[in-house]
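So the structure is just underneath, and the comments pick up after that.
The values are calculated or read from the model by the stated rules, or taken from the named source; none is laboratory data. Note that the structure is predicted; figures quoted are calculated from it, not measured. Here Cβ is always computed from backbone atoms with ideal geometry, including for glycine, and neighbour counts include all displayed protein chains. To get the accessible areas, we keep the full protein, side chains included, count just its heavy atoms, and leave off ligands, DNA and RNA. Shrake-Rupley method; radii C 1.70, N 1.55, O 1.52, S 1.80 Å.
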Amino acid sequence: MIALLVFTSMYANAQTKVTGKVIDADTKEPLIGATVQIKGTTTAASAGLDGTFKLNVPSGSGAVLVVSYVSYITKEISLSGKTDLGEISLKSSSNAMNEVIVTGDVAIDRKTPIAVSSIGPVFIEEHVGANDIPELLKGIPGVMTSEQDGGYGDSRVSIRGFSSGDGNVAYTINGIPVNDPESGALYWSDFSGLTDVASSIQVQRGLGASKIIIPSFGGTVNITTRGTDAQPGGFVSQGIGTNNWNKTDVLVSTGLNSNGWAATLQGSRTQGAGFADGMNFLGYNYFFNLSKVISPSQTLSLNLVGANQTHGQRAQGSILNYEQAPQGILWNSYYGIKNGKEYNPYDNFFSEPLLSLNHQWIINDKSSLSTVLYGLWGDGGGGNIGTGTGYSVSNIPRIGNIYSPIDFDAVQKNNAASPDGSAQYFAYDSHDRTNWYGLRSTYRTTLGKYIDLSAGIDLRYYWGTHYQEVTDLLGANYTPYFFTGSPGTGSAQGNINDPNELAVTGSKIYYYNRDYVESGGVFAQAEYSKNDFTAFVTLSGSENADKRTDYFTYLNSDPNRSTPWVNFTTYQAKAGANYNINSQMNLYANVGYLTKPPYFGNVFENFTNQINKAAVNEKLFSYELGYGFKTSTFSAKVDLYRTSYMDKAFASTYADLTTNQIYTANVTGVDEMHQGAEFELRWRPVKEITLGGMLSLGDYYYTKNAGPVNVYDNTHTVVSQVDEIFLKNEKVTDIAQTLAAGFAEVNVVPQLKIGVTYNYYGNYTAYVPFQNYGSAGLHPYILPNYSNWDLNGAYKFKMAGFDAELIGTVNNLLNSKYIQDAGDYNVTGDPSKLSVYYNLERRFTTTLKVRF
């Protein structure tokens, strides 16, 4: 017994406890669950929620630790008597070279004083399924997503009550701003391939760390694509799912050769029947990266990412129609049959490749210069049904009752029998052809020991050509699109340069204009960092200009067909500080005042050359306080914010479903308050189980009335004027102000992981066009609270000697039914009058990925 005790004591004395922290090399986020193993043995430890680990290592053995994490480059560390290894940074395997992909303004954990959430490659791969990037953001505090009509790429995102649809959420891809320069919106179908190549997604809420000259008022979503792998390899994956979803994805990387060249090529094909009738989709996504290490201090990288896609869509429908339709929430009023085949003229098609050339120059041990030159070329649009004089889409022939498919064969027969050959109904496309070029360059240097200075330029030039074009006369000879109204007054419809035009297939109709947007600015940031304290100040200024040319409502000889440039000067000033109280707790605060120019649709009234004299810079004043607590088994974050949004302006367009008429109004002088609290928790009771959740309590409301506002019909004619818009104290619409989420992730065995997530949405006010608040005391409908459950799993195994993974997802696990988007266009508060999008039904995907 004594001998056993002596032996045990000697064994214990022969052990040394080694500690460290495993983090992402770029974001400094802890890599939870990273494996730290003694090389050549099975002895290992797992990194906790704060990235820390503890491992007993035999003393004097000269042990080597192998630090690994899925989708990251493995690192080996020779102990050599060291017991505290400090921070161990791992680089994503898809961005392992020392190349520049200008990753934008990435927030650093426990340093950058903002509210931020980061999503890594493992989470993306295991949760995306058949979804877009917005669905990956569910569960982040303050972030609401909606799949809207359920079309491929039609999701939207709101952050802290600010919508991506009105340009108040900024998106960057490798630091390149990709919001539409005219509207500020982002259409995910244009970038549907990003889920295949995204190596990380960082959501910065509030002021954020962004220095780009078009500031984000609600937040910024930074997407970093994979670069070129340092080692050769790739993968092949095949996925299947509900509604005939089918996706094939292939990636090949050459790795870095001895001459400093490396390349990665990826492509995928996605197809499916869609969620509802007539919503088929087909997408081809591609990615290419070519990098050259010019010298130890310079790297050049060429990147191309894009998607060619087409998908069916549907408009919001009356809640009564959805309830009465035999198809239920799958009903699509535009779905039809033509020549014995499915036909939906209400579709979307677009391609907008992003090409960038990136240069990274490490000038010396203190200074560097990062530059990106880029271009985007968009071409596409969306289809719809046009009507001849005296006809309405609501009366279009159908096979049976109003819930049956449109009978396009009957439409063609009626058109062919038209006495004068004119079309009762026809199909047309709204086209957008865009050209966009930019340059962004950032110089960074260190002043003394504690100050980092960065400064740069951000230049952009854009023009977009917009028109409608007849695509199918459906058996007719022409559709009359005569010029009506007075030249240049905004009451015209058609082409004044051919006033008696009989439009045929390929003819431009209704509108034809080209819009120009240019901007140029400078920015600078000083950051002080010493020990546990960091503080920063950011200043930027820019000049923005808009110009419009109208080819239809002005004669070719009229000098007024092109407007002068309309200029706006904007600036932003932000400051913040973070203090790490100890290794577990940090406290931060930020404050900022930002201005941005009104978007194009509000600079020129009612989509004409008439300059809106009421358009002024939009303004925002915001401040925030945050606290973080993190240990190896538990973490918590609290954020409190208050934001004043002033002089909001936009062009509001909406459809009256009763008359099928389109109305437009330019609204200015809207003020809002956005304030709230966000809570986030994560707990790891044992290394195999991780639990977490969040709660967001928002209070978003209008602080004053606005007006007057002119309302136009689709012939650009003023049909009414709203003297005052009664907004004060009404809730900001089209956003759930209470959000909650929870998740559980279980490593059943080392090879099998299963996760379940829950999301809750409450205090959600239906959308109302501002001009409809024409009387005091009108209150829009508040949607019923709703929630959903999702399930995901991943199983890793070997297949013919290759690493393989089987990934499964189930969205809307309980097949719940709820309204996820609604418009109360008459402000009745009566649910039977709502126009709605219901949620998507339960759906699944299964994907097999083999790496080589």
With the charge dipole of the chain built from beta-carbon charges (+1 for Lys and Arg, -1 for Asp and Glu) about the Cα centre, the Cα from S394, G520, G233 projecting farthest to the positive end belongs to G233
Projecting the Cα atoms of N495, L439, N531 onto the charge dipole of the chain, where Lys and Arg contribute +1 and Asp and Glu -1 at Cβ, the residue farthest towards the positive end is N531
Note to self: C-alpha centroids of region 782-847 and region 128-159 sit apart, in Å, by 10
The answer for Y512, listing residues at least 5 apart or on another chain whose modeled amide H is closer than 5 Å to its amide H, is Y551, F552
Whole-percent carbon and sulfur contribution to the accessible surface of region 250-301 (1.4 Å, no ligands, DNA or RNA) stands at 65
Whole-Å distance linking the alpha carbon centroid of region 625-644 with that of region 238-303 is 36
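Might you report the magnitude of the Cβ-based charge dipole of region 697-851 about its Cα centre, with Lys and Arg at +1 and Asp and Glu at -1, to the nearest 20 debye? Walk me through the numbers before you get to the answer.
Working: 12 positive and 14 negative charges, 162 e Å.
For region 697-851, the charge dipole is close to 780 debye.
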Of all DSSP beta bridges with both partners in the chain, the antiparallel percent, nearest 5, is 95
Quick calc, V252 & I294: beta-carbon distance into FRET formula, R0 30 Å, rounding 0.05, result 0.80
Residue separation between E342 and L814 times 0.36 nm, minus their alpha-carbon distance, gives in nm 166.9 nm
Taking a straight Cα-to-Cα line shorter than 17 Å from K637, and setting aside same-chain aspartates and glutamates fewer than 8 residues away, one finds E29, D50, D109, E624, E678, E680
Env charge @ V591, Cβ radius under 9 Å, K,R +1 / D,E -1, value 0
XL table K704/K817; K530/K630; K547/K596; K21/K687; K39/K687; K613/K648; Cα-Cα > 24 Å flagged, in table order, is K704/K817
If the chain between L695 and R842 were fully extended at 0.36 nm per residue, the gain over the current Cα-Cα distance would be 50.4 nm
Distance in nm between Y760 and R514 label points, each 7 Å along Cα→Cβ, equals 5.5
Excluding residues fewer than 8 positions from K292 in its own chain, the lysines with Cα under 30 Å of it are K28, K75, K91, K211, K366, K849
In nm, the gap between the two label points placed 7 Å beyond Cα toward Cβ at T653 and K82 is 5.9
Between N401 and R851, the FRET efficiency computed from the C-beta separation at R0 = 35 Å comes out, to the nearest 0.05, as 0.10
Among trypsin sites (Lys or Arg not before Pro) in region 337-371, those in a DSSP loop whose Cβ has at most 14 other Cβ atoms within 10 Å are K366
The answer for the chain, accessible area per residue at 1.4 Å probe in Å², is 40
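Once you list every other residue whose beta carbon is under 9 Å from the beta carbon of G153, what net charge do they have if Lys and Arg are +1 and Asp and Glu are -1? Mind dumping the intermediate values first?
Values: positive: none; negative: D132, D154, D190.
Once positives and negatives cancel, what remains is -3.
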Under 20 Å by backbone N from the virtual spin label 7 Å along Cα-to-Cβ at N785, the residues of region 833-847 are 839
Loop-resident GluC sites (Glu not before Pro) in region 681-744 with no more than 16 other Cβ atoms inside 10 Å, DSSP not H/G/I/E/B, are E688, E724
Karplus ³J(HN,Hα) for region 191-203 (6.51 cos²θ - 1.76 cosθ + 1.60, θ = phi - 60°; Hz, whole; x = Gly/Pro) runs 10, 5, x, 5, 5, 6, 10, 6, 9, 6, 10, 10, 9
For S632, other-chain or 5+-apart residues with amide H closer than 5 Å (H placed, Pro excluded) are D50
Projecting the Cα atoms of V203, T43, T846 onto the charge dipole of the chain, where Lys and Arg contribute +1 and Asp and Glu -1 at Cβ, the residue farthest towards the positive end is T43
With +1 on the Cβ of every Lys and Arg and -1 on the Cβ of every Asp and Glu, the dipole magnitude of region 607-692 about its Cα centre, in debye rounded to the nearest 20, is 360
Pseudo-spin-label distance A524 to L625, built 7 Å along Cα→Cβ, given in nm, is 3.2
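If R0 is 41 Å, what FRET efficiency do you get for N56 and Y450 from their C-beta distance, rounded to 0.05? Don't jump to the answer; show the numbers that get you there.
On the way: r = 38 Å, r/R0 = 0.92.
Taking R0 as 41 Å, the efficiency between N56 and Y450 is 0.60.
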Summed over the other residues with a beta carbon less than 12 angstrom from that of K366, with K and R at +1 and D and E at -1, the charge totals 0
Of every hundred units of 1.4 Å-probe accessible area on region 601-760, the number belonging to carbon and sulfur atoms, as a percent, is 59
Output row, site A315, 7 Å Cα→C-beta label point, backbone N cut-off 13 Å, window region 381-406, residues 383-387, 392-396
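Extension gain K728-S644, at 0.36 nm per residue separation less the Cα-Cα distance, in nm?
So the extension gain works out to 28.8 nm.
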With +1 on the Cβ of every Lys and Arg and -1 on the Cβ of every Asp and Glu, the dipole magnitude of the chain about its Cα centre, in debye rounded to the nearest 20, is 2740
With all protein chains present, region 330-416 has a carbon and sulfur share of its accessible area (1.4 Å probe) in percent of 55
